[in-house]
Structures are given as C-alpha cells and as structure tokens.
Amino acid sequence: MVFEHIERYGDHEQIVFFHEPSVNLKGIIAIHSTTLGPALGGCRMWPYASEKEALVDVLKLSRGMTYKAAAAGLEQGGGKSVIIYDPKNKTPELFKAFGRFINSLNGAYITAEDVGTSVEDMRYIRESTPFVTGLPEKLGGSGDPSPFTAQSTLVGMKAAVAHKLKQNSLKDLKVAIQGMGHVGVYLAKYLLEEGCQLSISDIFEKKVLQFKEKHPQVKIVHHEKIYDEECDVFSPCALGAVINPKTLKRLKCSIIAGAANNQLDTSETEDIIRERSILYAPDFVINAGGVISVFVESKGRYSKEEVQDRISNIYNVLKEIFSISEKDGKNATDVAIDIADKRIKEKC
Ligand code: NAD
C-alpha cells in the first residue's frame, strides 16, 4: 500500500517515517530531489484523518517543491515534511524531537514553516539542528515567509492581468480571496494598496471581521459562496484541491491566481479551465516568494535585495509560461513543469 502511493506520486529520493511517542510526534519527511541543491520545504502540521492522507500530501507537496525551486531558478531541491497532529496542542518538546530527526539526514532536508507551524516553532527545531530556515529575525533569520509569498502572488497576478486583460495596473479590478490566513491577509493589504476591490472569505468569521474592521471597504462573502462571486481574479489562499469541475462551473472570473499549494484536484481540471478561457497561474510558480526568502536565508547571508530581485523575476517567468501555453496549446502547469524539468536535467 505504502509503495503503491510512493510510485504514484513521483520518483522520490528518500522518504522517512518518524515517531517519538513520548512527545506525540508522528510524521513523514519526503525528499523528492536534491539535484539542484538540498531539499528545502516547509513542515505542515495537520490532524490528518489517516496516515494514507498524510503520506499522499507529503509526496505531492515535496514534488511540487522541486518544481517550485527549479522554476524560480533556485539552486535548491524539493522536500516537505508533515506532522500528524492538531496544531492547537503543539509543544516545544515535539519540535525539538522533530529537529533531531531532521538532523539525522545531515542536511539533505532543510525545513521551514507551513500550515500549522510558525516562526516560533522553527526556533525550537533550531535547538536540535542547523537545518531549519524561517527563523525569527532576532536570531538572524528571515522571519515569517508569508509576506514574501503574498508579494510573489501579487507579482504573478500582475503578470496574469497583463497577459489576459492587457493592462498593466490592478486598479479597480475585482479580486475574490479564499482564505484570510497568513498569506491571504498580506495579499489583501497589497491589493488594496493597488486600488483593487476585494471580496474576502474564511471559514473562521473572526478573521474576515478583523480585517474588515481595519479596511471597511472590503466585502465579506460566506466561505461557501466565494466561488459564485463575480470577479476578475479568483485567488485561492486556503487549502488545496479547491478548483475542481464542480467549483469551476460556479467561478465567474477571467483569472485564477492565488497562493495555495495544489489548487487543482487533478491535472485534468486544467483542461476545463482552458476550455472556459480562464487563465490559470500555476500555483508552484506564483507562490514561490516564501521559498525564495528561506532559500536566501539558507545560504547564510540574508539579503533583502536578492529576495526582492528574485520575486520580481516571477513576473517574467509567468509571462513566458503564459505565452508558450497559448502558442503551443498546452496547459500552463505542463509548460511550467517542462521549464523546471529542463533545468534539473541540465544539472544531471
Ligand atoms: P494559514 O493556515 O495561515 O491560512 C489558511 C486560511 O484559510 C485560514 O485562515 C483558514 O481558516 C482558511 N480556510 C481553510 N479552508 C477554507 C475554506 N474552505 N474557505 C475559506 N477559508 C478557508 O495558511 P497560509 O500560510 O496563509 O497558507 C495558505 C496557503 O498558501 C496554503 O495552501 C499554503 O500551503 C500555501 N502557501 C503558503 C506559503 C507561506 O509562506 N505561508 C508559501 C507557499 C504556499
């Protein structure tokens, strides 16, 4: 059963299952590729319904990290880890134990934040291993990667708008954001600065109400109704697989451009997206800002200028992807994977 999944979700170099019952630590590290450099990718903590669900998630996410790093031009491989646990109950001891497992891999895998883990958690991991990024700024780290992910999402949205709507400004465009978490809130602020009209949603009402209190011009939409919102850009910034044949029927947008990983339920869904003349910005390209920031941190000397230059370049990468996709009649994700694969093969 385990090997069936491993075969199905890509040719990973190494998959490590770890368990430390004394601190309730149970999880998986998946190293997909170290061809371009150490496998860097965040640690997701989630109360997965089953071990199979956790395994499939880490396999897909780690493969995505390889493509993400390669498409963004980073000298870095792809990996990811998942911890099967409810983040509400996390403890410093759990992260220190996790750090010891990471350390045993001698730098083949470097971790960072993801859903359910924070900058503070990285500090505890650092007590057991140097192979951790996204550390607090006071410890010389780059801090929370979310604002950088939001920046690359903004840059990518501009590339999509330039390609599809033939305009260089986002002013007055309607954007619907699904998920007002770490990334969603930063993205919403940046979009308001650009003069966009925003509709926002989250499963936790408190999050949208808090944002509206500071920015009364935004429209709150119930999280089950966000797919029906008339908009120029639909921006998934919550969890994966939200774009599927059912939700696609409801979308009233020209562009899908958001930060969430694995937005499409299956690759076939992108065929329907193209049939509907919606422009889709491949998730692993547009949301690379966070990984760019932790990559620069992992090299030892953090340079904000380098991070900004690399994030700005996502505009050109996406414009190239959209042009090839249109010219060759291929899905944008396939074009992005071709670009990433080419870089990896050149290094082999
Ligand atoms: P987060 O957990 O802080 O935020 C996610 C938000 O989505 C939460 O507020 C949650 O309540 C909400 N949500 C969940 N299901 C929803 C639904 N059905 N409808 C509306 N809202 C819903 O996570 P984050 O760090 O903001 O990341 C968001 C997404 O971006 C994730 O898919 C993550 O993997 C991806 N991503 C994040 C980063 C980063 O730097 N944080 C980097 C790359 C990719």
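Every condition in (1) assigned to a helix (DSSP H, G or I); (2) over 18 Å from the mean Cα position of the chain (by Cα) is met by A188 except one, and the failing one is (2).
Quick check on S104: is it closer than 20 Å to A238 by Cβ, outside the structural domain of A281 (by TED's automatic domain parsing) and not acidic (D, E)?
Here the answer is no, as S104 does not meet what is asked.
Screening the candidates G79, G73 for the property of being crowded, with 24+ Cβ neighbours inside 10 Å and under 20 Å from the mean Cα position of the chain (by Cα) yields one hit, G79. Somewhere in the stretch 53-71, is a residue assigned to a strand (DSSP E or B) and away from the ligand (no atom under 14 Å from the Cβ)? Checking the stretch 53-71: not a single residue is assigned to a strand (DSSP E or B) and away from the ligand (no atom under 14 Å from the Cβ). Exactly one of these conditions fails for A150: (1) assigned to a helix (DSSP H, G or I); (2) within 16 Å of the ligand (Cβ to nearest atom); (3) free of Cβ contacts under 8 Å to residues at least 60 places away in the same chain. Give me its number. Going through (1) assigned to a helix (DSSP H, G or I); (2) within 16 Å of the ligand (Cβ to nearest atom); (3) free of Cβ contacts under 8 Å to residues at least 60 places away in the same chain one by one, A150 breaks only (3).
Of the helices (runs of 4 or more DSSP H) lying entirely inside the stretch 237-317, those containing at least 3 residues that are touching a Leu at 6+ places or on another chain (Cβ under 7 Å) span 269-275, 289-298. State whether one or more residues within the stretch 72-80 are over 30 Å from N313 (Cβ atoms), modelled with pLDDT of 95 or more and not acidic (D, E). No, the stretch 72-80 contains no residue that is over 30 Å from N313 (Cβ atoms), modelled with pLDDT of 95 or more and not acidic (D, E).
If you check V208 against the conditions, is it closer than 30 Å to T66 by Cβ, outside any loop (DSSP other than H, G, I, E, B) and within 14 Å of the ligand (Cβ to nearest atom)? Full working, then the answer.
On the way: closer than 30 Å to T66 by Cβ: no; outside any loop (DSSP other than H, G, I, E, B): yes; within 14 Å of the ligand (Cβ to nearest atom): yes.
Against the criterion (closer than 30 Å to T66 by Cβ, outside any loop (DSSP other than H, G, I, E, B) and within 14 Å of the ligand (Cβ to nearest atom)), V208 does not qualify.
Conditions (1) surrounded by 23 or more Cβ atoms within 10 Å (Cβ to Cβ); (2) more than 15 Å from the ligand (Cβ to nearest atom); (3) small (G, A, S), marked per residue:
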{"position": "D144", "(1), (2), (3)": "no, no, no"}
{"position": "G156", "(1), (2), (3)": "yes, no, yes"}
{"position": "K164", "(1), (2), (3)": "no, yes, no"}
{"position": "N168", "(1), (2), (3)": "no, yes, no"}
{"position": "K174", "(1), (2), (3)": "no, yes, no"}
{"position": "G181", "(1), (2), (3)": "no, no, yes"}
{"position": "L187", "(1), (2), (3)": "yes, no, no"}
{"position": "Y190", "(1), (2), (3)": "no, no, no"}
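Yes or no, residue by residue, for (1) away from the ligand (no atom under 15 Å from the Cβ); (2) buried (at least 22 other Cβ atoms within 10 Å of the Cβ):
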| residue | (1), (2) |
| --- | --- |
| C237 | no, yes |
| Q263 | no, yes |
| S267 | yes, no |
| R274 | yes, no |
| G290 | no, yes |
| L318 | yes, yes |
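When you scan the stretch 212-226, how many residues do you find that are in contact with a Ser or Thr (Cβ under 9 Å, 6 or more places away or on another chain) and without any contact (Cβ under 8 Å) to a residue 40 or more places away in the chain? Walk me through it before giving the result.
We begin by selecting, within the stretch 212-226, every residue in contact with a Ser or Thr (Cβ under 9 Å, 6 or more places away or on another chain); these are 218-226.
Okay, now just the ones that are also without any contact (Cβ under 8 Å) to a residue 40 or more places away in the chain, so 218-220, 222, 224-225.
Final tally of qualifying residues: 6.
The values are calculated or read from the model by the stated rules, or taken from the named source; none is laboratory data. This structure is a prediction, so every number in the text was calculated from the model and none was measured. Here Cβ is always computed from backbone atoms with ideal geometry, including for glycine, and neighbour counts include all displayed protein chains.
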